[in-house]
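Structure, as structure tokens:
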Amino acid sequence: VQLVESGGGLVQAGGSLRLSCVASGLTFSTYAMGWFRQAPGKEREFVAVITCSATYYSDSVKGRFTISRDNAKNTVYLQMNSLKPEDAAVYYCAAGAFSVYFTASTQYTYWGQGTQVTVSS
């Protein structure tokens, strides 16, 4: 199984980025796909998850970020708008069976290598 993220970069505060994560080696449509992020010196934190029928977001990104998936392309996306300096982090894509504990990183089986998002003020 391989998850490969892309789309990170440097953006000014208030700007937008779209992250992509392409999955291979798994039956993509059957997995919940999540995005997490980790800033220097901080723990990895939940950002968003998408199942076959629902999406969930952390309070810190709700209304600004949108998670979506294209099962035909084995790809999950994270559209990030109105970015803030506190959104800067390495963003990770993760795959796992959906659980009510979906905010916990331990619920996810597979992880990508991460993509850096930097937000300048």
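The values are calculated or read from the model by the stated rules, or taken from the named source; none is laboratory data. Everything quoted here is computed from the prediction, not taken from an experiment. Positions of Cβ are generated from backbone atoms using ideal geometry, with glycine treated the same way; all protein chains shown enter the neighbour counts. Just so you know, the surface numbers come from the protein's heavy atoms only, side chains and all, with ligands and any DNA or RNA stripped out. Shrake-Rupley method; radii C 1.70, N 1.55, O 1.52, S 1.80 Å.
Probing with 1.4 Å while keeping every protein chain in the model, the per residue accessible area of the chain equals 50 Å².
Accessible surface of the chain, 1.4 Å probe: 48 percent of it comes from carbon and sulfur atoms.
Annotation for the stretch 24-73 versus the stretch 94-119: alpha-carbon center distance of 7 Å.
Taking the Cα centre of the chain as origin, work out the dipole magnitude from +1 charges on Lys and Arg Cβ and -1 charges on Asp and Glu Cβ, in debye rounded to 20.
In total the dipole reaches around 140 debye.
Would you list, by chain and number, the aspartates and glutamates whose Cα falls below 20 Å from the Cα of Lys84, excluding same-chain residues fewer than 8 positions away? By straight Cα distance, Lys84 reaches Glu43, Glu45, Asp59. Here the Gaussian network model covers the chain, with springs between Cα atoms less than 10 Å apart; of Tyr57, Tyr91, Tyr101, Tyr101 fluctuates the most.
Annotation: cysteines of the chain without a disulfide-compatible partner (Cβ-Cβ under 4.7 angstrom) are Cys52. For a paramagnetic label modelled on Ser58 (point 7 Å from Cα along Cα→Cβ), amide N atoms under 16 Å away belong, within the stretch 26-46, to 34-46.
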